[in-house]
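Step one of this worksheet: look at the structure below.
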C-alpha cells in the first residue's frame, strides 16, 4: 500500500536560484532602499507627533510621501520590480499613511475628544489598510481597459494622509481651530471614507512617461517653482495643494464617467456593426 522509502535519502529537488550564484544585483536593492527610507520617515513623523513637534512631523510625512512616489518609478526605470518590493512597499505605506497621520491628528487635536477622537483615528487607520489591500488586489487584474490606469478607485493612501493634515496647515497659516475640534473629527472621518469609496480620482501614473520636446523646459520650471514654494512656504503650498486636490475629485469623477460612457457607446456601436455584418453574410433561410 505504501511504497518503501529511505529516510536518509533526500529526494527533494534543488531550489532554482533566481540570480546566478545566489547574488542579488544592486539595482534590485535600490527601490527597496527608498522604501525603507520612507518607512523611517514615517516612524520619525510618529515620534515628532508624540513630542508635539508638528512642523517636523508634517515634514517627515511629506518626505515619506515623496519617497513613496519615486520608489515605484525607480523600480520600473531599473527594471527591478519584485514581489518582495511590492509587499514591502504596501507594509511601509500602511505605517506611513495609515498609522502616522492618525497619531499626528490624535495628538494634535482629537485627544481633546477622548474616546471619540481615538475611534475616529482608528477608523481612518482601518480604512487606509482596506484601501491598500484593495489596491494590491487590483494589481493582479489584467482585464481592465488601458484608459482606467489613469484613475484610482478612491483616494490613494498617500494623498489621503497629506490632505488629512489640512487643519494643521491652516493653523500654521494663522487660522486657529481650538473650538472646531468636532469639525476636525468629521473631516478625519470624511477623508477615511473617501479612501475606501468607489469615487474615481486621477492617478497621475501616466504623467511624465511621454512629454513633448517643447514642453520639457516648462515642466522643469514648474517643478522647480513647486519645490521652491514647498521649501519656502510649506504650509501654504500644502494647504493650497490639498484644497486643489479635493476640488479636483468631482472633476475626475465626472471625467471618468464621461469616458466610460463614451467607451460603452463605442462598444455598442462596434457590436451592432458586427451583428449587421454577420446578418449580411448569412445565407437566407427558406421554408422547407
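FYI, it's all coordinate maths here, none of it is from the lab. A quick note: this is a predicted structure, and the numbers were derived from the prediction, not measured. All Cβ positions, glycine included, derive from the backbone under ideal geometry; neighbour counts span all protein chains shown.
Numbers below:
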quantity	calculated
Fewest-first sequence of 73, 131, 83 by Cβ atoms within 10 Å of each Cβ	83, 73, 131
Global form of the stretch 73-126, assessed from the alpha-carbon gyration tensor, a/c cut-off 1.5	prolate
More than 18 Å apart - percent of Cα-Cα pairs taken over the stretch 49-203	60 percent
Chain lengthening between residue 53 and residue 175 when straightened (0.36 nm per residue, less Cα-Cα)	42.1 nm
Simple label model, 7 Å out from Cα along Cβ direction - residue 222 to residue 84, nm	3.8 nm
